[in-house]
Amino acid sequence: MAVLLSDLNRRKKKWLVFVKVLSIWNNPPKHPNDQTTMILVDETGQRIDATVPTIAIKRNFPRELREGQWYLLSEFDVIPPSLPERNSDHFYQINCNRNTEVDPVRPISQSDFFNCVDFFSINNASEEDKQYVVDVCGVVVSVSPVGKLLEGGSDIDSRYVTFTLKDTIGHYLNCVAKGNFCEEFVRKYSRRISDVDYHNEPIMIVLRFWRISLFQGKPCLITGVGCPRIFFDPNFHDINRHKFMKCYTQGNGEFTPSDDDDVFMEEVDSN
C-alpha cells in the first residue's frame, strides 16, 4: 500500500510512494562516482530530496525521468540527509538502489506545488530559512551588467548577473544567477526584450528552487547547484498570470524598463 512522504522512516525497509519529479539534474551522471539528484513531492505538497547513485542507474533505473511527471517509486532506501546542500525540509532522504523500481503513473494532482515565499520574509530571513530552496514570483525591474567572480573556476562558472524583482505590493528582491544559470537568464531576458511583439510591458518571472543568501552583504535569492529553474511570463496551474499582472499594475503603476539594461557588458567583482 502506498504511503505519504511524511510516513517514511528508517524502521521499515519496503516502501511504496507516489511522487512527482519537481526538479532533476545530473541525469545521467557525467562522472562514474557521481549521482543523479531530484526534488520529489507527494500529493500533500511534502518535498523530499532523492539521490540515484550510478550503480542504480546501470541496473534498471529509467533514464528518461521527466520533470512534472508522476511516478510510483518502490524498493528504495530511507537515509539521513546526505547532500552538501539540502533542498527540502524533510527529515529523511530517499536513496535509490539497484532494486529500486520507478513506474510512470497518471497524475495524482494537477498542482505545481509551489513553495512561494514573500519578498519581505526573504529580505529578513533567519539562518534556518536559508537551509532549503524556495520559489518566488515577481516582475523584473532592473538587470545589471554581467559580472565575473574572481574566485570562479571556468569562464562560464565565474560569470553572474544580478537583477531586481518587484512584487504586487511594492517590495523589492535582489536575485543573483551564477554560472550556467547566468547564461540562461541572459539568453531568455534578451530574447524577451528583443521580441518584435515586446512593447515595454512588465515582464513576469517565476524562480523555482533558489536559495536565500547574501550577496555583497545584502539579502538575495541566489542559484545553487542543479535544481534552480527560471520561467519568463509562465503559465502554471497554480499561478494565475493574468490576475498577478493585474494586481501588479494596479499596485505599482506603469512599468518602463531602463534603457541601460545592457546585460552583455562584463565587470569584475571580488564576491
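The values are calculated or read from the model by the stated rules, or taken from the named source; none is laboratory data. Every value quoted in this text rests on a predicted model; they were computed, and no experiment measured them. Here the Cβ positions follow ideal geometry from the backbone for every residue, glycine too, while neighbour counts run over all protein chains shown.
Residue by residue, here is whether (1) among the acidic types (Asp, Glu); (2) under 12 Å from the mean Cα position of the chain (by Cα) holds:
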{"site": "SER190", "(1), (2)": "no, no"}
{"site": "ASP197", "(1), (2)": "yes, no"}
{"site": "ARG211", "(1), (2)": "no, yes"}
{"site": "VAL225", "(1), (2)": "no, yes"}
{"site": "ARG229", "(1), (2)": "no, yes"}
{"site": "ASP233", "(1), (2)": "yes, no"}
{"site": "ASP238", "(1), (2)": "yes, no"}
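It is to be established whether one or more residues within region 99-114 are more than 30 Å from SER74 (Cα to Cα), of a type in the set (A, V, I, L, M) and in a loop (DSSP other than H, G, I, E, B). It would help to see each step written out before you state the result.
Our first condition is that a residue be more than 30 Å from SER74 (Cα to Cα); within region 99-114, this holds for none.
Checking region 99-114: not a single residue is more than 30 Å from SER74 (Cα to Cα), of a type in the set (A, V, I, L, M) and in a loop (DSSP other than H, G, I, E, B).
Could you please give the count of residues in region 39-59 that are crowded, with 21+ Cβ neighbours inside 10 Å and modelled with pLDDT of 95 or more?
Residues meeting the conditions: 8.
From the residues in region 174-217 that are in a helix (DSSP H, G or I) and of a type in the set (Val, Ile, Thr), which one is surrounded by the most Cβ atoms within 10 Å (Cβ to Cβ)?
Narrowing region 174-217 to residues in a helix (DSSP H, G or I): 180-193.
Now restrict to residues that are of a type in the set (Val, Ile, Thr): 186, 193.
Values: VAL186: 18, ILE193: 15.
Residue satisfying both the conditions and the ranking: VAL186.
Has region 106-122 got any residue that is touching a helix residue (DSSP H, G or I) at 6+ places or on another chain (Cβ under 6 Å) and not assigned by TED's automatic domain parsing to the domain that holds ARG86? Give the steps one after another, and end with the answer.
First, pick out the residues of region 106-122 that are touching a helix residue (DSSP H, G or I) at 6+ places or on another chain (Cβ under 6 Å): none.
Scanning region 106-122, I find no residue that is touching a helix residue (DSSP H, G or I) at 6+ places or on another chain (Cβ under 6 Å) and not assigned by TED's automatic domain parsing to the domain that holds ARG86, so the answer is no.
I'd like the full set of residues that are under 25 Å from THR44 (Cα atoms), among the polar types (S, T, N, Q) and in contact (Cβ under 8 Å) with a residue 40 or more places away in the chain, limited to region 98-152.
Once the filter is applied, which keeps residues that are under 25 Å from THR44 (Cα atoms), among the polar types (S, T, N, Q) and in contact (Cβ under 8 Å) with a residue 40 or more places away in the chain, region 98-152 yields THR100, SER109, GLN110, SER111, ASN115, GLN131.
Of the residues PHE163, PHE113, which is modelled with pLDDT of 95 or more and at positive phi? Walk me through it before giving the result.
Details: PHE163 fails: at positive phi.
Of the residues listed, the single one that is modelled with pLDDT of 95 or more and at positive phi is PHE113.
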